[in-house]
Amino acid sequence: MYGVVTRNAEELDWPEFDRGFYEVKDVTGRHVDPVENAVNMVSCFGDNATAGTDPELVPVDDEGKKATRDRPYFDWAYICPLAEDYRNGVLTVVETCAELNEDVRLDDVGFPRAEYCHCERCEAAFAESEFDDWQAWRADVITEFVEEAVERIPGKAYLTLYPDPYPGHLYERAGLDLEALSEVVDEFVVPLYDTAYETTYWIETIASGFEDALSAPFSVELYAVNVDVENLLHAAEVAEEYGEDVYFGYEASNARAALRRRGAEERDGKSFGPGE
């Protein structure tokens, strides 16, 4: 099955795609209304706009450095998962999405990196918790948030994962307990983004790693913007050997061209017996 990830509602009905994902809230903080004919996507803790207007909500490390996009390794700013009003607002967005389409995808879930968060909220919550281990406490915070979100999703709950299947890395990096989350969500989505896909061995390496790491289904999301059609098609062929489905991100026309090329090649490759 092939799907599209888009900000353009009109692309959701293109017949080449079996499933559509529609960005309702993205990492810039941009909000749009959810739609009925797609899986609505919500960036949970990535939010440049809120980080700019409410900097006290931004996670900090033990040296007080904020998780903002002007710092190394951050492509966008984060909000602390224990910022209660913000967290409740995200859950409200999830609930609103689910009222229009019962399937919802959760993006950007977790702490920003391994050294976060040491804000006053997190320090106090950890001190008051039953946990002695900080990593275990972080994982419990994130699992609890996902559970609360999934309670508001009557259909299929998707969760995006950072593409690092190495044992323990997502737990240490973001507080994602894959075993616990596999009991909560229905499907993980792993974005394996490249701007060319001139080689694909690394797609196989990462995807097969997730095949070993996860006890729940996962699909692979590819980046379709300005990628050569043949390269994109080859990447999809590799990805579909491991993932349940393949989704194409942010240039539906290029993805459609790749799928049409594949359909034409399959038709040209048919063989017929005598008299057929």
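Worth pointing out:
- Candidate set from segment 9-31 (those that are surrounded by fewer than 16 Cβ atoms within 10 Å (Cβ to Cβ) and within 18 Å of the chain's Cα centre (by Cα)); member that is farthest from Gly155 (Cα to Cα): Thr28
- When restricted to residues that are touching a Gly at 6+ places or on another chain (Cβ under 8 Å) and assigned to a loop (DSSP other than H, G, I, E, B), segment 215-255 contains 3.
- Taking the criterion of being exposed (fewer than 15 other Cβ atoms within 10 Å of the Cβ) and part of a loop (DSSP other than H, G, I, E, B), the residues of segment 70-96 that qualify are Asp70, Arg71, Pro72, Tyr73, Asp75.
- Filtered residue count, segment 146-167, keeping only those that are of a type in the set (Gly, Ala, Ser), touching a strand residue (DSSP E or B) at 6+ places or on another chain (Cβ under 7 Å) and assigned to a loop (DSSP other than H, G, I, E, B): 0
- Taking residues in segment 114-131 that are in contact (Cβ under 8 Å) with a residue 24 or more places away in the chain, and partners anywhere that are outside any loop (DSSP other than H, G, I, E, B) and polar (S, T, N, Q), the pairs with Cβ atoms closer than 9 Å and at least 6 places apart or on different chains are Ala114/Gln135.
- Counting the residues of segment 129-178 that are under 22 Å from Thr205 (Cβ atoms) and either out of contact with any Gly (no Cβ under 9 Å at 6 or more places or on another chain) or not aromatic (Phe, Trp, Tyr) (or both) gives 16.
- Lone unmet requirement of (1) touching a residue at least 60 places away in the same chain (Cβ under 8 Å); (2) at negative phi for Tyr193: (1)
Quick grid of which residues meet (1) among the hydroxyl-bearing types (Ser, Thr, Tyr); (2) touching a helix residue (DSSP H, G or I) at 6+ places or on another chain (Cβ under 6 Å):
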position	(1), (2)
Glu99	no, no
Val104	no, yes
Tyr116	yes, no
Glu123	no, no
Trp137	no, yes
Phe145	no, no
Ile153	no, yes
Tyr158	yes, no
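- Of the residues making up segment 168-190, not a single one is in a loop (DSSP other than H, G, I, E, B) and farther than 23 Å from Asp140 by Cβ.
- Segment 171-212: number of residues that are surrounded by fewer than 20 Cβ atoms within 10 Å (Cβ to Cβ) and among the small types (Gly, Ala, Ser): 5
- Looking only at segment 218-256, and only at residues there that are at negative phi and surrounded by fewer than 16 Cβ atoms within 10 Å (Cβ to Cβ), the one that is nearest to the chain's Cα centre (by Cα): Glu244
Here is a yes/no grid of residues against (1) at pLDDT below 95; (2) closer than 30 Å to Glu128 by Cβ; (3) aliphatic (A, V, I, L, M):
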| residue | (1), (2), (3) |
| --- | --- |
| Glu23 | no, no, no |
| Met41 | no, no, yes |
| Asp75 | yes, no, no |
| Pro81 | no, yes, no |
| Val90 | no, yes, yes |
| Val104 | no, no, yes |
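The values are calculated or read from the model by the stated rules, or taken from the named source; none is laboratory data. No experiment lies behind these values; they were computed from the predicted model shown. For neighbour counting, all protein chains shown are included, and Cβ atoms are generated from backbone atoms with ideal geometry for every residue, glycine included.
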